[in-house]
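Reviewing the structure listed below.
The values are calculated or read from the model by the stated rules, or taken from the named source; none is laboratory data. Owing to the predicted nature of the structure, the values given are computational and were not obtained by experimental measurement. Here the Cβ is made from the backbone with ideal geometry for all residues, glycine too, and neighbour counts use every protein chain on show. For the accessible areas, the whole protein counts, side chains as well, though only heavy atoms, and no ligand, DNA or RNA atoms are used. Shrake-Rupley method; radii C 1.70, N 1.55, O 1.52, S 1.80 Å.
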Amino acid sequence: MGAFEAALTAGAVEDAAGMFARESFWRDLVAFTWNLTTVENPEGVRELLTATLDTTRPSQFATSEPATEDGGIITAWITFATATGRGIGLVRLKDEDGADKAWTLLTALQELTGFEEPRGTRRPKGAEHGIDKDRLTWKEKRELEGESLGVTTQPYVLVVGGGQGGIAVGARLRQLGVPALVIDKYARPGDQWRGRYKSLCLHDPVWYDHLPYLKFPDNWPVFAPKDKIADWLESYVKVMEVPYWSSTEATSATWSDEAGEWTVEVERDGVPVTLKPTHLVFATGMSGKARVPDVPGVDIFAGEVHHSSRHPGPDAYAGKKAVVIGSNNSAFDICGALWEHGADVTMVQRSSTHIVKSDSLMEYGLGDLYSERALANGVTTEKADLIFASLPYRIMHEFQIPAYQKMAEVDKDFYERLERAGFWLDWGADGSGLFMKYLRRGSGYYIDVGAADLVANGDVKLAHGQIDHLSQDSVVFTDGTSLPADLVVFATGYNSMNGWVADLIDQETADRLGKCWGLGSDTPLDPGPWEGEQRNMWKPTNVTNLWMHGGNLHQSRHYSLYLALQLKARYEGLATPVYALQEVHHTA
């Protein structure tokens with residue numbers, strides 16, 4: 001890294017760019033670009049450095065542990081400093097024309113100089129020793145803060161949505177000393193989970209799902225049930241002192257260029273309150289805006305119809321004929337629970353689904369990064385997050401394909417049984433499996449925890465086709481066939497997060513923001529052009545002081561850091577010149 005630093009110090013952009021391979025990728029998380037962006041090849045490196053080098057002033061590059069070599073690729077962990085902070089990174093080198101050239105480089109800002117979190121050697125004392133007649137206890141200080149917030153003091157950041165995403169970024173902002181408030185319409189933190197169908201649990205393993213600062217204990221179950229997660233989120237809010245208003249719903253938001261702030265109208269316990277934050281974060285969930293098909297006949301159907309997000313669980317449907325529209329995670333979970341409680345269940349598959357068995361995913365997909373095996377090999381959660389982040393999206397599928405080929409081989413009998421039952425299987429547009437489907441479109445897969453066997457065995461019946469309408473007592477397909485039904489569940493997924501922006505602000509603002517999620521891979525439901533990063537997530541958008549935060553627990557944990565650092569820098573008045581602000585190619 002010495003030669004790279006020397007080139008950067010000298011402003012020798014061409015020399016620095018020449019240290020990258022002809023096919024190479026530099027992913028920067030805030031450190032150089034005040035953005036989340038990936039550039040490709042020496043040309044992209046040249047453009048990035050030309051635009052950012054003068055303000056970033058990088059220095060102090062060093063390897064933090066001995067480099068390793070595997071298959072001709074040299075991998076090294078690095079640390080570095082910039083004009084505003086300190087970062088960590090991961091570089092992979094490969095031989096090209098007899099010289100070691102950078103193939104992939106990750107640079108990730110970890111803290112802002114002078115504004116470090118009060119942790120480790122900087123942790124607060126807590127108790128104030130000595131004598132003071134005007135002393136306030138910790139409890140009294142917290143009560144005063146709670147009484148003034150939103151009344152005599154305004155949050156610098158308002159986070160709309162108090163699920164895992166909002167809670168994670170709220171905790172980050174709290175530790176960074178940024179006045180923030182998280183609001184949520186439910187009565188208690190965690191109710192987003194408590195209110196879902198009773199069989200819901202995490203399909204990702206515990207090592208993948210920690211929240212910031214406070215990890216799950218060592219005896220936490222591998223796959224936590226929804227109510228256990230709900231209780232953890234509620235306790236986390238309390239322990240981490242996240243300013244949190246429950247039973248609070250945002251009803252409108254408007255931005256003022258003149259005042260440089262948002263006006264957000266909310267109802268807290270039914271009482272109108274006006275908030276004036278500088279920044280507005282939507283943490284309403286990338287799987288939160290329910291996609292409900294406009295199916296004629298819903299008004300005349302004599303049974304019950306709801307989206308999977310509103311499904312109460314199976315208890316009331318014993319002996320009933322249930323039709324579940326969809327064939328992804330929620331559909332399988334709901335079908336399995338309904339079958340267990342004595343319902344007559346039919347799954348309607350409208351398009352192919354990728355299925356991976358949970359045990360196989362843990363062994364071949366996650367085991368090297370998130371498992372007890374990984375921990376034993378020194379791969380902590382923090383390291384795993386950075387390793388995963390260091391794989392450029394452009395070539396990530398190349399790393400995923402062999403893992404899913406192995407799963408297909410190991411579970412061959414399972415997949416043959418499903419196909420004999422008539423189930424339409426796929427492995428993603430290029431055979432890269434679950435993670436790429438998730439990153440590209442956020443749908444189209446099921447992590448099998450048992451319910452797929454019900455379909456393979458015929459216990460849960462399988463139908464194919466598109467729904468034309470509902471009659472009084474059945475689901476009618478476009479080919480004229482029908483299924484008798486007492487219950488219809490639309491497990492039909494979720495729309496782009498900018499739908500929440502349209503609801504709270506207006507459609508014009510939602511369109512300026514553009515589609516959220518996806519990479520521009522030009523695969524199903526992820527239209528091109530290539531974007532290189534998740535659209536609009538955790539980074540500056542084309543709407544002033546509006547941010548989007550969402551994803552699974554892993555993403556909520558990891559990317560909340562970069563979002564919080566961007567907001568902290570702005571709170572402290574630091575210069576934050578954004579490189580390569582994302583263009584809007586799709587509005588939904």
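Could you say which residue among Arg268, Arg310 is within 29 Å of Pro524 (Cα to Cα), open to solvent by 40 Å² or more (accessible area, probe 1.4 Å) and among the basic types (Lys, Arg)? Spell out the reasoning first.
Working: Arg268 fails: within 29 Å of Pro524 (Cα to Cα).
Answer to the check: Arg310.
If I filter segment 247-259 down to residues being within 13 Å of Val160 (Cβ to Cβ) and not β-branched (Val, Ile, Thr), which single residue comes out as least open to solvent (accessible area, probe 1.4 Å)?
Ala253
Is segment 13-27 home to any residue that is more than 28 Å from Leu561 (Cα to Cα), among the basic types (Lys, Arg) and at pLDDT 95 or above?
Yes, segment 13-27 has at least one match.
Would you mind stating whether Leu391 is over 24 Å from Arg440 (Cβ atoms) and buried (at least 16 other Cβ atoms within 10 Å of the Cβ)?
Details: over 24 Å from Arg440 (Cβ atoms): no; buried (at least 16 other Cβ atoms within 10 Å of the Cβ): yes.
Spelling it out, it is not the case that Leu391 is over 24 Å from Arg440 (Cβ atoms) and buried (at least 16 other Cβ atoms within 10 Å of the Cβ).
Test of understanding: among Met436, Met407, Met347, which residue is within 27 Å of Gly532 (Cβ to Cβ) and open to solvent by less than 10 Å² (accessible area, probe 1.4 Å)? First the steps, then the outcome.
Numbers: Met407 fails: within 27 Å of Gly532 (Cβ to Cβ); Met347 fails: within 27 Å of Gly532 (Cβ to Cβ).
Criteria check complete, one pass: Met436.
Could you please tell me which pairs satisfy a Cβ distance under 8 Å, a separation of 6+ or placement on different chains, a first residue in segment 86-108 that is within 13 Å of Ile73 (Cβ to Cβ) and among the small types (Gly, Ala, Ser), and a second residue that is at pLDDT 95 or above and in a strand (DSSP E or B)?
Ala102/Phe20; Ala102/Ala21; Ala102/Ser24; Ala102/Trp26; Ala102/Val91; Ala102/Arg92; Ala102/Leu93
Kindly list the number of the only condition in (1) closer than 30 Å to Leu202 by Cβ; (2) open to solvent by 10 Å² or more (accessible area, probe 1.4 Å) that fails for Phe423.
If we test Phe423 against (1) closer than 30 Å to Leu202 by Cβ; (2) open to solvent by 10 Å² or more (accessible area, probe 1.4 Å), just (2) comes out false.
Which fully enclosed strands (runs of 3 or more DSSP E) of segment 218-292 have 1 or more residues being out of contact with any strand residue (DSSP E or B) (no Cβ under 6 Å at 6 or more places or on another chain)? Spell out the reasoning first.
Values: elements: 248-256, 261-268, 271-275, 279-282.
Answer list for segment 218-292: 248-256, 261-268, 271-275.
Quick check: is even one residue across segment 420-437 modelled with pLDDT under 95, over 15 Å from Gly365 (Cα atoms), out of contact with any helix residue (DSSP H, G or I) (no Cβ under 9 Å at 6 or more places or on another chain) and not β-branched (Val, Ile, Thr)?
Checking segment 420-437: not a single residue is modelled with pLDDT under 95, over 15 Å from Gly365 (Cα atoms), out of contact with any helix residue (DSSP H, G or I) (no Cβ under 9 Å at 6 or more places or on another chain) and not β-branched (Val, Ile, Thr).
So Val157 passes all but one of these: (1) of a type in the set (A, V, I, L, M, F, W, C); (2) in contact with an Asp or Glu (Cβ under 6 Å, 6 or more places away or on another chain); (3) closer than 30 Å to Thr284 by Cβ. Which condition number does it fail?
Tallying (1) of a type in the set (A, V, I, L, M, F, W, C); (2) in contact with an Asp or Glu (Cβ under 6 Å, 6 or more places away or on another chain); (3) closer than 30 Å to Thr284 by Cβ, Val157 fails exactly one: (2).
Give Ala51, Ala83 a once-over and let me know the one that is farther than 18 Å from Pro392 by Cα, open to solvent by 40 Å² or more (accessible area, probe 1.4 Å) and assigned to a loop (DSSP other than H, G, I, E, B). So that I can check it myself, show each step before the final result.
On the way: Ala51 fails: assigned to a loop (DSSP other than H, G, I, E, B).
Ala83 is the lone residue from the list that is farther than 18 Å from Pro392 by Cα, open to solvent by 40 Å² or more (accessible area, probe 1.4 Å) and assigned to a loop (DSSP other than H, G, I, E, B).
Within segment 313-331, take every residue that is in contact with a helix residue (DSSP H, G or I) (Cβ under 8 Å, 6 or more places away or on another chain) and assigned to a strand (DSSP E or B) and give me the one that is surrounded by the most Cβ atoms within 10 Å (Cβ to Cβ). Steps first, answer last, please.
Applying the first criterion (in contact with a helix residue (DSSP H, G or I) (Cβ under 8 Å, 6 or more places away or on another chain)) to segment 313-331 yields 313-314, 317, 322, 324-326, 330-331.
Checking the rest, the ones that are also assigned to a strand (DSSP E or B) come to 322, 324-325.
Details: Ala322: 25, Val324: 28, Ile325: 24.
Of everything passing the filter in segment 313-331, Val324 is surrounded by the most Cβ atoms within 10 Å (Cβ to Cβ).
Let me confirm something: among Arg570, Arg557, which residue is open to solvent by 10 Å² or more (accessible area, probe 1.4 Å) and closer than 30 Å to Ser371 by Cβ? Give the steps one after another, and end with the answer.
Details: Arg570 fails: closer than 30 Å to Ser371 by Cβ.
None of the others qualify; the one that does is Arg557.
For segment 368-425, which fully contained helices (runs of 4 or more DSSP H) count at least 3 residues that are out of contact with any Lys or Arg (no Cβ under 7 Å at 6 or more places or on another chain) and of a type in the set (D, E, K, R)? Reasoning before the result, please.
On the way: elements: 372-376, 381-389, 393-410, 412-420.
So the answer is 381-389, 393-410, 412-420.
Checking the conditions here, which among Phe399, Phe414 is over 22 Å from the mean Cα position of the chain (by Cα) and either in contact (Cβ under 8 Å) with a residue 40 or more places away in the chain or open to solvent by 70 Å² or more (accessible area, probe 1.4 Å) (or both)?
Numbers: Phe399 fails: over 22 Å from the mean Cα position of the chain (by Cα).
Testing whether each residue is over 22 Å from the mean Cα position of the chain (by Cα) and either in contact (Cβ under 8 Å) with a residue 40 or more places away in the chain or open to solvent by 70 Å² or more (accessible area, probe 1.4 Å) (or both) leaves just Phe414.
Within segment 458-471, identify whether any single residue is hydroxyl-bearing (Ser, Thr, Tyr) and closer than 30 Å to Leu581 by Cα, and answer yes or no.
No; the residues of segment 458-471 include none that is hydroxyl-bearing (Ser, Thr, Tyr) and closer than 30 Å to Leu581 by Cα.
Can you name every residue in segment 338-387 that is in contact with a helix residue (DSSP H, G or I) (Cβ under 8 Å, 6 or more places away or on another chain), more than 30 Å from Val476 (Cβ to Cβ) and hydrophobic (A, V, I, L, M, F, W, C)?
Val356, Leu361, Leu366, Leu369, Ala374, Leu375, Val379, Ala384
Does any residue of segment 453-472 turn out to be hydrophobic (A, V, I, L, M, F, W, C), closer than 16 Å to Ala343 by Cβ, part of a helix (DSSP H, G or I) and at pLDDT 95 or above? Give the steps one after another, and end with the answer.
Of all residues in segment 453-472, those hydrophobic (A, V, I, L, M, F, W, C) come to 454-456, 460, 462-463, 467, 470.
Within this subset, residues satisfying the condition of being closer than 16 Å to Ala343 by Cβ are 454-455, 460, 462-463.
Then keep just the ones that are part of a helix (DSSP H, G or I); that gives 454-455.
From the residues that got through so far, the ones that are at pLDDT 95 or above too are 454-455.
Checking segment 453-472: at least one residue is hydrophobic (A, V, I, L, M, F, W, C), closer than 16 Å to Ala343 by Cβ, part of a helix (DSSP H, G or I) and at pLDDT 95 or above.
From the list Asp522, Asp503, which one is touching a Pro at 6+ places or on another chain (Cβ under 9 Å) and either surrounded by fewer than 23 Cβ atoms within 10 Å (Cβ to Cβ) or more than 27 Å from Ala389 (Cβ to Cβ) (or both)? Talk me through it step by step, then tell me what you get.
Working: Asp503 fails: touching a Pro at 6+ places or on another chain (Cβ under 9 Å).
Going through Asp522, Asp503 in turn, the sole match is Asp522.
Which residue is nearest to Arg27 (Cα to Cα), if the candidates are limited to segment 540-552 and must be open to solvent by 10 Å² or more (accessible area, probe 1.4 Å) and under 13 Å from the mean Cα position of the chain (by Cα)?
In this case the residue turns out to be Gly551.
Could you please tell me which pairs satisfy a Cβ distance under 8 Å, a separation of 6+ or placement on different chains, a first residue in segment 193-216 that is modelled with pLDDT of 95 or more and of a type in the set (A, V, I, L, M), and a second residue that is buried (at least 18 other Cβ atoms within 10 Å of the Cβ) and assigned to a loop (DSSP other than H, G, I, E, B)?
Listed by first residue and then by second, the contacts come to Val206/Ala224; Leu214/Met240.
So which of Asp486, Asp526, Asp511, Asp506 is at pLDDT 95 or above and more than 19 Å from Lys289 (Cβ to Cβ)?
Criteria check complete, one pass: Asp486.
Only one of (1) touching a Phe, Trp or Tyr at 6+ places or on another chain (Cβ under 8 Å); (2) without any contact (Cβ under 8 Å) to a residue 40 or more places away in the chain; (3) not aromatic (Phe, Trp, Tyr) fails for Ser247. Which number is that?
(2)
I need every pair where a residue in segment 51-75 that is free of Cβ contacts under 8 Å to residues at least 40 places away in the same chain has its Cβ under 6 Å from the Cβ of a residue that is in a strand (DSSP E or B) and among the charged types (D, E, K, R), sequence separation at least 6 or different chains.
Ile73/Arg92; Ile73/Lys94; Thr75/Arg92
If only one of Gly150, Gly166, Gly162, Gly170 is surrounded by 20 or more Cβ atoms within 10 Å (Cβ to Cβ), modelled with pLDDT under 95, within 30 Å of Thr254 (Cβ to Cβ) and in contact with a Ser or Thr (Cβ under 9 Å, 6 or more places away or on another chain), which one is it? Break it down stepwise before answering.
Values: Gly166 fails: modelled with pLDDT under 95; Gly162 fails: modelled with pLDDT under 95; Gly170 fails: modelled with pLDDT under 95.
Checking each option against the conditions leaves just Gly150.
When you check Gly442 against the structure, is it assigned to a loop (DSSP other than H, G, I, E, B) and surrounded by fewer than 17 Cβ atoms within 10 Å (Cβ to Cβ), yes or no?
Values: assigned to a loop (DSSP other than H, G, I, E, B): yes; surrounded by fewer than 17 Cβ atoms within 10 Å (Cβ to Cβ): no.
Here the answer is no, as Gly442 does not meet what is asked.
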